[in-house]
Every structure is written in C-alpha cells, then in structure tokens.
Amino acid sequence: MKIGFLGCGKMASALIEGVVQAGAIETGNLAIFDRSSEAAEKFAAKTGVQIASSSEALAEHCAALVVCVKPGDAQSALAPLQHALVGKLVISIMAGITISRLQEMAGPMARLVRVMPNTPALIRQGATAYAAGETATEADAQLVEKIFRSVGTVARVPEKLIDSVTGLSGSGPAYVYLIIEALADAGVLVGLPRDLSLQLAAQTVAGSAAMVLQTGQHPAQLKDAVTSPGGTTIAGLEALEKSGLRAALLSAVRTATARSKELGA
C-alpha cells in the first residue's frame, strides 16, 4: 500500500522517519507533497521518499493520505481532492477538525481517522490517540496503529475524547517544558550552575515519568515513597500546593481542550 503525506513539517517528518526506521513501511511505499518545493526536496533527499508533482497526484496514486497541514488550511487542501479520495483512507493529525468536518472536506466516500499525536514523536517517544470514523475499517485502524506505534504509544478512543487528548498529551509537552525550565531556574536560585541545574531538572522529570510507566504504580504511591515525615520533600510539596500547581495544571488542560473544540467549530 502506498501512503502519501500532505505536508512535510516536523510531525510528518517524524512519522516518515519512524515507520522507515522501525521497518514498518518501506521507503518506496511513501510519497510526499508540500506547497514548499524546497522543503519537499530537502526532505526527500534526506529520506529517499518520492515527491508527488501535486496534491492531486499524491491523492490519486496513494491508498492512504496522512493530512499534516495546519487546521486553517484544511478546507483548501482537501476540497480539491474529493474526486481522488473516493474509497481512500484519510488520516488527519489536524487539531480540532472533527470527523464530520473532515467528511465534508474530503467527500462522502473517503474513509476517515482522526489522530492526535504529540511532538515527542520526533524522538520516538510520542503519545498518540486516534478515533476512527464510521466509514473506516478495522484494517484502517490497524494501519494507523502501525504508523504511530513506530514513534511511541497509541490508544484508540471515542472521538468525543480527542479534544481532551489534545488538551492533555497534545499540548502537554509544553507544560512539562515549562516545569523543567522553572525547576532549572530554581536550581540556579539556590546556587547550582545553569548547565548542571538544567541537566538535573530534565533527568529528574524523565526518570520520574519512566518510574510511573515501568512500575505501573500510581504517582501518589511513588510520591509518598520519597516523602519522609518532617523532611525536605514534604516541605517542598507544601509550597507547591500553596502556590496552586495542581490547580494550574488542571486549568491548563481544561483550557487547551476548550480551545481545541473552538478550532473545530
């Protein structure tokens, strides 16, 4: 099966490199098209994938099309391709664009899957969730899992949860980067050299996340395990609770989820 990527930005690049390196799909079965011929040529030279002469040619010659354009460009990108997407699988990674809207853009005969990945896919550590449209087949779902499993973890959810996924894991890396930056600044505040402080902050976050995933224990259990009575950790946790860290993160996810729904509307 030939798979086309409409747009070759960072996420498309991560997906293509991931499936090739994982041996999931051969390079000869991948093609790209981007409005920037320079970007397409640069990426093709790096990966060996084929460049389609136009978006119409890409859609016509591929059995599945991964749409990697900005949400605001969705209508102009998909509407001209309706005739070429009859009976084809369309995989969208565009934030906020619902399956019903995608169906209007891609045409009634296209099979649709809506996906929300995140940027750690660039280093094969992504977290992805997807929802299959009514016209999508089980084979379509398996192909989506094959593609996105090559760059991280994949979960299937009802479409009503995709905006929530966007608010949590789609936007979540930015929240974590802010936390790492703040921890590093705090280390400098208490006397650590900048480079060392950033290294310790980033590794602490990475190691703590790995502990949650590898042990299967609830974060509260792991937190309690390092919180001694009257010790330094409980003093720090008290400061975080007073400053509203938990409430701030709850608000961030809720606000980002609401914004994703606004984009779809």
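What follows is calculated from the coordinates using simple rules that are stated; it is not laboratory data. Keep in mind it's a predicted model, so treat the numbers as computed, not measured. Virtual Cβ from ideal backbone geometry, glycine too; neighbours counted across all protein chains shown.
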Would you check if T137 is out of contact with any Gly (no Cβ under 7 Å at 6 or more places or on another chain), among the β-branched types (V, I, T) and surrounded by fewer than 22 Cβ atoms within 10 Å (Cβ to Cβ)? yes
Any idea how many residues of segment 97-120 are touching a residue at least 40 places away in the same chain (Cβ under 8 Å) and assigned to a loop (DSSP other than H, G, I, E, B)? 4
Looking at (1) out of contact with any strand residue (DSSP E or B) (no Cβ under 7 Å at 6 or more places or on another chain); (2) closer than 25 Å to E104 by Cα; (3) part of a helix (DSSP H, G or I), can you tell me which one L143 breaks? (1)
Please note which helices (runs of 4 or more DSSP H) are completely contained in segment 192-265 and include at least 3 residues that are of a type in the set (G, A, S) and farther than 23 Å from I162 by Cα. 194-215, 232-243
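Regarding segment 61-83, can at least one residue be identified that is in contact with a Pro (Cβ under 7 Å, 6 or more places away or on another chain) and either under 26 Å from T98 (Cα atoms) or not in a helix (DSSP H, G or I) (or both)?
No, every residue in segment 61-83 fails to be in contact with a Pro (Cβ under 7 Å, 6 or more places away or on another chain) and either under 26 Å from T98 (Cα atoms) or not in a helix (DSSP H, G or I) (or both).
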Is it fair to say T128 is in a loop (DSSP other than H, G, I, E, B) and hydroxyl-bearing (S, T, Y)? no
Working only within segment 7-48, note down all residues that are among the aliphatic types (A, V, I, L, M), touching a residue at least 40 places away in the same chain (Cβ under 8 Å) and out of contact with any Phe, Trp or Tyr (no Cβ under 6 Å at 6 or more places or on another chain). M11, A14, L15, V19, A22, A24, I25
Single residue of segment 53-86 satisfying the filter (touching a Phe, Trp or Tyr at 6+ places or on another chain (Cβ under 7 Å) and not hydrophobic (A, V, I, L, M, F, W, C)) that is surrounded by the fewest Cβ atoms within 10 Å (Cβ to Cβ): S54
